[in-house]
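I have placed the structure first, in the form of structure tokens, so that the comments after it can refer back to it.
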Amino acid sequence: MQELGKLEDLPLEYREALTERNLVPLWPSMRSVLPPHVPTRDTSVINWDYESLRPLLMQAGDLTPMEKAERRVLILANPGHGLDNIQATPSIYLGMQLILPNETAPNHRHTPNAVRVIVEGEGAYTTVDGEPCKMERGDLILTPSGKWHEHHHEGDGPIVWLDVLDLPLMYRLNSSWAIEGELQTAKAKRDKSYSDYSAAGVVPNVNMQRGSTDTPMMRYPWSKTRACLVEMANDYAEGLLSTRYVNPETGRSLFPSIGFGALMLRPGETVQLPKRTTPVVFHIIEGAGSMTVEGHPSSAGEPLVFVEKDTLAAPGYTDITLSNASGSEPLFIMTADEEPLHQYLGIF
Ligand SMILES: [Fe+2]
């Protein structure tokens, strides 16, 4: 590829005249904004291990009362994107949120789409547009764009969940904003949610106010996802055990921005994931193992070990290999990626 002219090649007087008129020559940055064959990928390969993160999150519980935090969260910032940029990947924000017993994270709604993956603790629930969603380990609780949501905790110990939002995307589109509201009145009993009906393949016709892109399910219990993967493993002795979370009415991704999925690795299994354009986030639900990423400067191709409750990120256009460290137990992993966005843009 031919080398192009540099900024320094231009006379200073000319460059100053351009700056004065808010003009910039393209050719000096042409190769960096349109690199050959593979895009610039800022997302670094990383594991935010829960063991070292947890004490700092608990300390936040002592240092900052809920009134001063509203949402008590430590952002999992990917150093490849810079610690100030709320990015785990270009479009995905990750945060570990802590709620202590009897605390309530007040009602609000906002433009970014959000999902919580419950990491530890019992007795909490999130009310989404009047629907109380029980929060158990591994459950996916949705708060799509514009939905009122508040979090309550009536259990004994701390509750922690992983927030997954398209906040970086919304923020950079200059479209991120929120409204605060009065606490909601729950429309159903607290110990169940409408989403429980989905096991039968039917969805409740209870909220006719829903928009056309809304999903009828706000809670995806881990027990059902796990059972599905185990069933697949019983049926297939080999092949990647992978599921996607979809809106049951349309079969489409839960959000237009972020795609969610779950993987199971059989005991002792090593799998290479299909090479894809999108970066991906992994949250380890059950088990332990390692991830090897090849094709990115942030990783020397050395295995990065992980255990339950760890959260990892890997850039797109790489070869990702996952290994289950156990020869007797399966490994379960939840994934979040930018596939729906890449599909929409025609670059997937
Ligand atoms: Fe929120």
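Every read-out reported here was derived from the displayed coordinates using simple, explicitly stated rules and does not represent laboratory data. Values in this document were obtained by computation on a predicted structure and should not be read as measured data. Note that we place each Cβ from the backbone using ideal geometry, even for glycine, and neighbour counts take in every protein chain shown.
Would you look at the GNM of the chain, springs on alpha carbons closer than 10 Å, and say which of 73, 128, 33 moves the most?
33
Would you list 342, 149 from fewest to most Cβ contacts within 10 Å? All intermediate terms of the calculation are to be shown ahead of the outcome.
On the way: 342 18, 149 25.
Starting with the residue having the fewest Cβ neighbours, the order is 342, 149.
Pairs 134/187; 187/309; 224/309; 275/309: which are spaced more than 23 Å apart, C-alpha to C-alpha? Let's see the in-between values first.
Working: 134/187 14 Å; 187/309 32 Å; 224/309 19 Å; 275/309 25 Å.
Going by Cα-Cα distance, 187/309; 275/309 fall outside the 23 Å limit.
Calculate how steeply helix 50-63 sits against the longest principal axis of the alpha-carbon atoms of the chain, using the helix alpha-carbon long axis, and give the answer as 0 to 90 degrees to the nearest 10.
It works out to around 80 degrees.
Once you have the Cα-Cα distance between residue 275 and residue 108, take 0.36 nm times their residue separation minus that, and quote the gain in nm to one decimal.
Answer, rounded to one decimal: 56.3 nm.
Dividing the Cα radius of gyration by the Kirkwood radius, what Rg/Rh value follows for the range 219-348? Could the numbers behind the result be given before it?
Numbers: Rg = 14.6 Å, Rh = 15.2 Å.
My calculation of the ratio gives 0.96.
Please report the orientation-averaged projected area of the chain, defined via the convex hull of its C-alpha atoms, in nm².
For the chain, averaging the hull's shadow over all directions gives 21.6 nm².
Looking only at the range 240-279, which residues have a backbone nitrogen under 15 Å from a spot 7 Å from the Cα of residue 348 in the C-beta direction?
Residues passing the 15 Å test: 243-247, 250-262, 274-279.
R0 = 41 Å: FRET efficiency of residue 223 with residue 37, Cβ-based, nearest 0.05?
So, using R0 = 41 Å, E works out to roughly 0.40.
When the chain is treated as a GNM, springs tying every alpha-carbon pair under 10 Å, which of 327, 138, 157 comes out with the largest mean-square fluctuation?
Highest fluctuation among the options: 327.
Run a plain Debye calculation on the range 131-182 (Cα atoms as equal point scatterers, no solvent) and give log10 I(q)/I(0) at q = 0.15, 0.19, 0.26 Å⁻¹, rounded to two decimals, same order as the q list.
Here the Debye-derived log intensity ratios amount to -0.57, -0.85, -1.23.
On a full-extension model of 0.36 nm per residue, what is the gain between residue 83 and residue 249, subtracting their alpha-carbon distance, rounded to one decimal in nm? Please list the in-between numbers first.
Numbers: separation 166, 0.36 × 166 = 59.76 nm, distance 3.83 nm.
Extending this stretch completely gives an extra 55.9 nm.
Angle, helix 222-235 long axis vs. longest principal axis of the chain, Cα atoms, 0 to 90°, nearest 10?
Helix 222-235 and the main axis of the chain meet at about 80 degrees.
Just want the ordering: 6, 134, from fewest to most Cβ atoms lying within 10 Å of their own Cβ.
Ascending number of Cβ neighbours within 10 Å: 6, 134.
Convert each backbone phi in the range 24-32 into a coupling constant with the Karplus relation 6.51 cos²θ - 1.76 cosθ + 1.60 (shift: θ = phi - 60°), then list the ³J(HN,Hα) values in order as whole Hz, x for Gly and Pro.
Each residue's phi maps through the Karplus curve to give 9, x, 6, 4, x, 10, 3, 6, 7 Hz.
Once phi is turned into θ = phi - 60°, what whole-Hz ³J(HN,Hα) does the Karplus curve with 6.51, -1.76 and 1.60 give for every residue of the range 149-155, x standing for Gly and Pro?
8, 9, 10, 10, 9, 10, x
Using a 10 Å cut-off around each Cβ, can you sort 111, 270 from fewest to most neighbouring Cβ atoms? Don't jump to the answer; show the numbers that get you there.
On the way: 111 16, 270 13.
So the residues, fewest neighbours to most, are 270, 111.
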